[in-house]
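Structure record follows, encoded as structure tokens.
The values are calculated or read from the model by the stated rules, or taken from the named source; none is laboratory data. Just so it is clear, the structure is predicted and the values come from calculations on it, not from any experiment. Every residue, glycine among them, receives a Cβ derived from its backbone with ideal geometry; neighbour counts consider all protein chains shown. Quick note on the areas: whole protein, heavy atoms, side chains included, nothing else; ligands and nucleic acids left out. Shrake-Rupley method; radii C 1.70, N 1.55, O 1.52, S 1.80 Å.
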Amino acid sequence: MLKEDGGRAVWLLRAQGQPPLTYKSWTLTPWFACKCLMGIAQPWRHARGAGRLSRAGIKTPKVRTIRPGWHRNRPVLLLVMPYIEGHTALSQLQANDDSQASLLAEQLGLIVATLANAGFRHRDFKLSNVVVEQGSDHPWLIDPVGVVRDRDRVAALAMMLDRLDVEVREGHAGTVPDAARLRRIMLRSALSRSPQMLRRAVLQRLRRHPRS
């Protein structure tokens, strides 16, 4: 088990000769079942978000199946997807490797720009929700539940850039000596291809630290 919170749990399954899989489970309460019927429960939002990321050309584990199951003698809904071997972007910063951190900041900025240009924003785009694949430099977004449609590019860019910075700003990444330089790299990467008026509007919003 990787995580458990109330009726939700995340599992890593390693079977001999098979690639590892991530299982997410939600207890099937009457209210959760009602949300499933309406299509607004987390498994369906995860699947929709993963589809949006894929259409935008951003790496995310493909949902293999959503099906009923059992956990501790309780009915659950299971979401199954590949497990990405690697380290979170948050732990990459904690490793304090200048070259890796600079490359990662640039890649994250490009993902922000790609999502906004595709008409999406990620409401939970945090460093801990990004995994850099082991043996490569490719970042994967592993929790796409918060990926929603947003045609307001200024709001989308500002919100995602702010979310990416929040864990460093609040001290969850420990001491990051080059945090200011990494922010500049990420900002340049996210905004360099945007019109000047849009860049100014995004920077103005960031100075106010948007939280919505």
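Rounded to the nearest angstrom and ordered from largest down, what semi-axes does the equivalent ellipsoid of the range 115-212 get from its C-alpha gyration tensor (root of 5λ)?
Details: eigenvalues 87, 59, 37 Å².
So the equivalent ellipsoid measures 21, 17, 14 Å along its semi-axes.
By the scheme Lys and Arg +1, Asp and Glu -1, what is the net charge of all other residues having a beta-carbon under 10 Å from that of Lys24? With Lys, Arg at +1 and Asp, Glu at -1, the neighbours total +1. The aspartates and glutamates whose alpha-carbon is closer than 19 Å to the alpha-carbon of Lys59, local same-chain residues fewer than 8 away aside, are Glu85, Glu106, Asp124, Glu133, Asp137, Asp143. With helices as the sole contributors, the chain gives -14000 deg cm²/dmol at 222 nm; each DSSP H run of n ≥ 4 counts as -39500 (n - 2.57), and the sum is divided by every residue. A crude spin-label estimate for the pair Ser128 and Arg207, with each label 7 Å from Cα along the Cβ direction, gives 3.1 nm. Amide H contacts of Gly86 (H built 1.01 Å from N, in plane; Pro and chain starts excluded): Gln134 sit under 5 Å, all sequence-distant by 5 or more or on other chains.
Taking the C-alpha atoms only, the angle from helix 196-207 to the longest principal axis of the chain is near 70 degrees. Judged by the gyration tensor of its Cα atoms, with axes a ≥ b ≥ c, the range 14-57 is oblate; a/c meets the 1.5 cut and b/c is at least as large as a/b. In the chain, the longest principal axis of the Cα atoms and the axis of helix 98-117 are about 80 degrees apart.
Rounded to the nearest Hz, the phi-derived 3J(HN,Hα) couplings of the range 131-139 under the Karplus curve 6.51 cos²θ - 1.76 cosθ + 1.60 (θ = phi - 60°) are 10, 8, 4, 4, x, 8, 10, 7, x, where x marks glycine and proline.
Scan (i) 42; (ii) 27; (iii) 23 for the value of percent of Cα pairs over 30 Å apart calculated from this model and give just the label. Of the listed options (i) 42; (ii) 27; (iii) 23, (ii) comes from this structure.
State in Å² the accessible area per residue of the chain; use a 1.4 Å probe, count heavy atoms of protein chains only, and round to the nearest integer. Present the calculation step by step, with values, prior to reporting the outcome.
Numbers: 11590 Å² over 212 residues.
Per-residue accessible area for the chain comes out at 55 Å².
Using R0 = 35 Å, the C-beta based FRET efficiency linking Arg184 and Leu12 works out to 0.45.
Rounded to a whole number, what % of the accessible area of the chain do carbon and sulfur atoms account for, probe 1.4 Å? Walk me through the numbers on the way to the answer.
On the way: 5960 of 11590 Å².
Accessible surface attributable to carbon and sulfur in the chain totals 51 percent.
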